[in-house]
Structures are given as C-alpha cells and as structure tokens.
C-alpha cells in the first residue's frame, strides 16, 4: 500500500458529502465503523438519524443502543432483505426528515447509488452506505475503510485508557487525494475530532 501524502497536502474532509460509503476493516471494527458513521451527521443538524439493515445484520452484530448515543435521536428500521433496506434508505433520504441515513447493505449497483445520491441532495441530508467491502462501482463521492486503534493514555491517569480512537482511511475521494487520519471521541461534544488537535499531524501510517 502506498504511503500517505505529506501532512501539508492532505486535509481531513470533515464536512460530509451527500453520499459516502464506509466499511469496517475487520469484524472487530464494526463499533468503530458505527462511531465514524454517526460522526458524518452535521453537528448543527438536529434531525434524527435513521439506520436500516437486513434483520440478519442485526442478528449478527446486535442493535445499536440509542439511549447511549448522547445527542443523537436514533431510528432503527430493520428490513427483510437488502433490497428493502436500500428502498428504506432512499425514501428516508428523499423525505428530508433525517439528518443522516445509514444503510448496512451489500451489493448496491452504480444505478442504485446514483439514486441514493440524488435522494440525499433532494432531501438536504447525508447518506452513508455501510457494505462489507468496497468492491464495485459506486456514485458515493467518498469511500472509507475504518479500523480500531489503541486509545491514547488518559492525561489524568496513566493507568487508564483515554478517549476511543479509530483510523479513517479515505480509499477514494472524487477530486480528493487518499489519506488516513486518527480520530478520537471528544467527551465534551460527543463527536469525533482529529487527534492532531492535541499532538502530531493526525495522519495514520498506511
């Protein structure tokens, strides 16, 4: 894999595109994936977040615990099939009733992702497809691979872990250079922030 570009030429795209894709690097990275996905909601947008997936996905990974997501009103919409989940995702985006719509579905075609991109623009919200991998063509402007990384040491207790951290690798960005960044949970805003705001440049070694 090629090394990340120099820090001076790479900036983390904090503002989400209407449609993005993100996958977990491995099974143990699913929690980090969901944390990243929720961070793509615009901070100032107070509309709820919808999460749809086939029921088999929820059986395998469990259901996100809504009350534990401070500042997020989460709506779960289990679907019978991946096709039904894609339809739910498109309708939610087009409705404009949500700030962010997440769909854990595989096998979306280029035509289907184009419909999702158009629906997100029409509804003035953000759509994020969460497939198992990033193969195939997609209309998503950005495609991410998310992995868990060790947290930093707690500044007040060297024996305790600090805020949760993850690595976000931009595999493809339309008109943007690929790169990878270390993000960490901000306990005050309950959102992700660049680790370089504390030290270093935030670029992960890839």
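The values are calculated or read from the model by the stated rules, or taken from the named source; none is laboratory data. Model, not experiment: these values are computed from the prediction. Counting neighbours? That spans all protein chains shown, and the Cβs are built from the backbone with ideal geometry, glycine included.
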Quick one: count up the residues across region 76-97 that are in contact with a helix residue (DSSP H, G or I) (Cβ under 7 Å, 6 or more places away or on another chain) and more than 16 Å from residue 34 (Cβ to Cβ). 8
Inside region 48-74, can you point out the residues that are more than 18 Å from residue 23 (Cβ to Cβ), over 16 Å from the mean Cα position of the chain (by Cα), at pLDDT 95 or above and not in a helix (DSSP H, G or I)? none
Among the listed residues 141, 165, 145, identify the single one that is closer than 18 Å to residue 40 by Cα, free of Cβ contacts under 8 Å to residues at least 60 places away in the same chain and in contact with a strand residue (DSSP E or B) (Cβ under 8 Å, 6 or more places away or on another chain). 165
Condition met for residue 185 (within 15 Å of the chain's Cα centre (by Cα) and within 28 Å of residue 44 (Cβ to Cβ)): yes
Being surrounded by fewer than 20 Cβ atoms within 10 Å (Cβ to Cβ), assigned to a loop (DSSP other than H, G, I, E, B) and in contact (Cβ under 8 Å) with a residue 12 or more places away in the chain is the filter here; which residues of region 19-47 pass it? 25, 26, 42, 43, 45, 46, 47
Just for strands (runs of 3 or more DSSP E) wholly inside region 76-173: which have at least 3 residues that are surrounded by 20 or more Cβ atoms within 10 Å (Cβ to Cβ)? 100-103, 126-129, 142-149, 165-173
When residues of region 178-206 are filtered for being touching a helix residue (DSSP H, G or I) at 6+ places or on another chain (Cβ under 7 Å), at pLDDT 85 or above and assigned to a loop (DSSP other than H, G, I, E, B), how many remain? 0
